[in-house]
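The values are calculated or read from the model by the stated rules, or taken from the named source; none is laboratory data. Every value quoted in this text rests on a predicted model; they were computed, and no experiment measured them. Quick reminder, even Gly has a Cβ in these numbers, built from the backbone with ideal geometry, and neighbours come from all protein chains shown. Ligands, DNA and RNA are excluded from the accessible area calculation, which covers all protein heavy atoms including side chains. Shrake-Rupley method; radii C 1.70, N 1.55, O 1.52, S 1.80 Å.
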Amino acid sequence: MQKIDQQNMTAQKVRVRFAPSPTGPLHIGGVRTALFNYLFAKKHGGDFILRIEDTDSTRFVEGAEEYINESLEWLGLTVDEGVKQGGEFGPYRQSERREIYKKYADQLVETGWAYYAFDTPEELDKLRTDAEAEKKTFAYDMHSRLQLKNSLALSDDEVKQRIEAGEPWVIRFKMPEDTIVETKDLVRGEVKFNTNTLDDKVLYKSADKLPTYHLANIVDDHLMEISHVIRGEEWLPSVPLHIMLYRALNWEETMPQFAHLPLILKPTGKGKLSKRDGDKGGFPVFPLDWEMEDGIAPGYRESGYFPEAVNNLLALLGWNPGTEQELFDIDELISLFSIERVNKSGARFDPEKAKWFNQQHLMRKPVEELALMFSDDLNERGIAEDIAVIEKVTGMVRERVNFVHELWDQSFFFFEAPVEYDEKVVKKRWKGDVPAFMAELAPELEKVNEWVADDIKACISSKIEEKGLGFGLVMNAFRLALVGGGFGPDLMEIAEVIGKEETIARIKKACETIGS
RNA sequence: GGUCCCUUCGUCUAGUGGUUAGGACGCAAGGUUUUCAUCCUUGAAACAGGAGUUCGAUUCUCCUAGGGACUGCCA
C-alpha cells in the first residue's frame, strides 16, 4: 500500500478563503465558517479572500452574491480580496475562470489521472435505481468503470469519434486503488481513508464548459495560494479526493492545511439547522432578510440583533477560549482565537442564549448610540422628541430589553399618555382609599415649584404621611395612572421627564376613567 | 447499505489518570426594589452503556448504542 501524508506547510503567509455558492441566502452556518476564516486570518496577520463558487449554472440565484457581500459587510468581516475588492489572484468568480480549469482537466487526462466519460445522466440514473431495487448501491468506481462508456473502456478511435461528433462528455477522476490517504485535520487530528471505497468523481463537463466543485476548488486554492482551508464538516468525506487531486496535479508540496468545522444543529430534534427551524422557533437563520415568492426569511439584522452579538454567539458555537469569559468584541475574538480550540462535535443552536448575547451587547453599548437607533424608531412612529430626552429615557429602560425595537414597549408612556389601564393592575391597586387620595394628590402636585424627582417625591411623601396611607399602595396607583400598567422605571423620574402638566393630567384622567 | 466524523447538566461548554466534575443560557426559590425588569444569593441538573488497562478511570484502548455528514454532470 502506498501512503500519502499531507505535507507540512513551510512558513508562509496565511491566506484563507470563504467560498460560498450564490444559490440563495447565506445560511448562519456559512456565516460562522466565514467568521472562523476571518478570525484565523486576522489572528495570523493573513488575508481573507472571498471566492464565489458559481460553477453550477443551473442553481444560480439572482442577488445571492450581493447578499453575501452585504452580510459580510454588516458583520464587519472585511474581505481583503474578492470580486468587489479585486486582488492579484483574480478573477474571484469561478464562472470567469473557465479556461483555467479546462487546462488542468486536460492535463489530468493526458497524465492518466482522469478520463472521458460519455454516460448520460439518464443512463446513470437508471443504473442507480436498478441497483437500489436490488438493495445495492451503484458507484462509478474501480469496479464498474470498465463496463461503462468511457475512454478507459472504449477504443481510442471511438472516443475521438464521439468527441468530434459533439457528443457531450465529462471528465472523471480515475481514483487509484489500494492507497491510504491520510490527513492531519487541524480540528479533528489524523483521519485516514482507503481509496478503494471512493468513486470516480466528475471533474469537468463539456455541457457548460465548467468544472465541478472539486476541480475548481483545488485549482483555485492552489493558484490563489491558499494556506488553510477552513470549511464545514460536510466536506470531510471529500478530503481524500482533494488530496489525490493535489497529488495528480503535482501540487502536494504546497497543499493547504485542512480544518473541518463542526455543524450547527437544530435546537431540538435531529439534524442540522434549517430554515424551517427558524420559522418554527421564531428566530432567524439568515444574517439578513431574504425575500422569496412566499414571504421573507427573517435575518438577524432586521430582527434587531447587533452584528457584534451575532459574531459573539457564532464564535462560541464550537469554540471557546478556555476561560470563563463569554462576551467578546471582534478584536478580542481575533486575539483569542485558535483553531486548536475548535470543538469536534456539532453544536445545537440555542435561540434563548442568542437573545441573551444581544442583551449583553446592548448593555455594553453607549446610551448615545442606542438613543440614536431608538430615535429612528420613534420617528417612524411619528414622534419627534429631543435627543437629550431620548437618551435619558433610553438610559432608564435599556436594562429591560433584549433589542432596540423593544424599547418602545418599555417606554411609550414617556412619549404619550396610556390609552388603557391594565385590568389586573386596576383590580389589585386601584381600590380602597387610593382613588380618593389620587384625586386629592393632583392639586397638591400643582404646588411643586421645581419639577424634579426629589421634590415630587417630597410632595407625595408628605401627603401620604398626612393621610396615613402606605407608600407602596399609593405608588402603585400612581404608576397605573402614569404608565397604564404595573411596570417601568422609577416613577419620580418618569414624572419629571413627562412634566408637571402631563403628570397631573394623567392623574386626573385616571381618576375619571378608572372610577367609572 | 457503505465510508468517515462525533458523544460531560435540557442546551453551549471547561476540565483531570485520584476534583465537592467548574462556568454560562434556561428553569426554580429567596433577597433588593414603589411595580416590572435588572441585580445579588441559593438550588435542581451531566461524564451514553459494557468490557479492558490501572492501585484508581469521566479522562487511555476496544466494543455496543445513539447522533451526524457524505455517498449527484450540487456545492
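Heavy-atom surface analysis with a 1.4 Å probe gives chain A a carbon and sulfur content of 48 percent of its accessible area. Residues of the range A:23-44 with an amide N closer than 20 Å to a point placed 7 Å from the Cα of A:Ser338 along the Cα-to-Cβ direction: A:36-44. Spacing of the modelled spin labels on A:Lys184 and A:Glu466, each 7 Å from Cα toward Cβ, amounts to 8.6 nm. Which values of log₁₀ I(q)/I(0), to two decimal places, follow from the Debye formula for chain A at q = 0.06, 0.09, 0.10, 0.13 Å⁻¹ with a uniform point scatterer at every Cα? Cα-only, vacuum Debye calculation for chain A: -0.45, -0.77, -0.87, -1.25. Which of A:Trp451, A:Asn343, A:Tyr300 sits closest to the plus end of the dipole of chain A, meaning its Cα is farthest towards the positive end, when Lys and Arg get +1 and Asp and Glu get -1 on the C-beta? Toward the positive end, the furthest listed residue is A:Asn343.
The angle separating the long axis of helix A:28-43 from the principal Cα axis of greatest extent in chain A is about 80 degrees. Look at the dipole of the range A:365-407 built from charges on Cβ: of A:Val401, A:Leu372, A:Ala384, the Cα furthest out on the positive end belongs to A:Val401. Mind giving me the FRET efficiency for A:Gln85 and A:Lys428? R0 is 45 Å, r the Cβ-Cβ distance, nearest 0.05 is fine. Efficiency, from the Cβ-Cβ distance: 0.15. Debye-formula intensities of the range A:65-147, expressed as log10 I(q)/I(0) at q = 0.20 Å⁻¹, are -0.92 (one equal scatterer per alpha-carbon, no solvent).
Only loop residues by DSSP count here, and only those with at most 14 other Cβ atoms within 10 Å; note down the GluC sites (Glu not before Pro) in the range A:28-121 that meet that.
Counting only loop positions with at most 14 other Cβ atoms within 10 Å, the GluC sites (Glu not before Pro) in the range A:28-121 are A:Glu62, A:Glu88.
Counting other Cβ atoms within 10 Å of each Cβ, which GluC sites (Glu not before Pro) in the range A:260-341 have at most 10 and sit in a DSSP loop?
Numbers: sites: A:Glu291, A:Glu293, A:Glu302, A:Glu308, A:Glu324, A:Glu326, A:Glu332, A:Glu340; in loops: A:Glu293, A:Glu302, A:Glu324, A:Glu326.
Passing both the DSSP loop test and the Cβ count: A:Glu293, A:Glu324.
The residues of the range A:365-407 expose, per residue, 51 Å² of accessible area to a 1.4 Å probe.
Between helix A:434-446 and chain A, what is the angle of the helix's C-alpha long axis to the longest principal axis, kept within 0 to 90° and rounded to the nearest 10? Computed tilt is about 80 degrees.
Note down the relative contact order for the range A:98-211 as a percent, whole number, built from C-alpha pairs under 8 angstrom at least six residues apart.
About 32 percent, as a whole number.
Look at the alpha carbon pairs under 8 Å that are at least 6 residues apart: their mean separation over the length of the range A:372-508 gives a relative contact order of 29 percent.
What does the charge dipole of the range A:365-407 about its Cα centre add up to, to the nearest 20 debye, if the Cβ of each Lys and Arg holds +1 and the Cβ of each Asp and Glu holds -1? If you can, show how the numbers build up before the last one.
On the way: 5 positive and 10 negative charges, 35 e Å.
Here the size comes out at about 160 debye.
Within the range A:22-78, the chymotrypsin sites (Phe, Trp or Tyr not before Pro) that combine a DSSP coil assignment with at most 16 other C-beta atoms in a 10 angstrom radius are A:Phe60. When each of the peptides A:114-125, A:473-484 is scored by how many other beta carbons lie within 10 Å of its residues on average, the order from highest to lowest is A:473-484, A:114-125.
Angle, helix A:471-483 long axis vs. longest principal axis of chain A, Cα atoms, 0 to 90°, nearest 10? Between helix and principal axis, roughly 60 degrees. Placing +1 on each Lys and Arg Cβ and -1 on each Asp and Glu Cβ, with no other charges, gives chain A a dipole about its Cα centre of roughly 1440 debye. With Cα atoms defining each centre, the range A:252-320 and the range A:166-197 are spaced 29 Å apart in the structure.
Near A:Arg97, no amide H atom lies under 5 Å from its own; only residues 5 or more places off or on other chains count, and H is placed 1.01 Å from N. Other residues with beta-carbon under 15 Å from the beta-carbon of A:Leu198 carry, at +1 per Lys or Arg and -1 per Asp or Glu, a net charge of 0. Around the Cα centre of the range A:362-516, unit charges on the Cβ atoms of Lys, Arg, Asp and Glu (plus for the first two, minus for the last two) sum to a dipole of about 700 debye. Its Cα gyration tensor gives the range A:349-444 an equivalent ellipsoid, and the semi-axes of that ellipsoid, as √(5λ) in whole Å with the largest first, are 31, 19, 12.
Mean sequence separation of contacting Cα pairs (under 8 Å, at least six apart), scaled by the length of the range A:275-363, corresponds to a relative contact order of 26 percent.
Set Lys and Arg Cβ to +1 and Asp and Glu Cβ to -1, take the dipole of the range A:72-183 about its Cα centre, and tell me which of A:Leu154, A:Pro168, A:Val109 lies farthest positive. Farthest towards the positive pole: A:Pro168.
Taking θ as phi - 60° and the Karplus parameters 6.51, -1.76 and 1.60, the scalar couplings of the range A:83-97 work out to 4, 6, 7, x, x, 6, 10, x, x, 9, 10, 5, 5, 9, 10 Hz in sequence order, x denoting glycine and proline.
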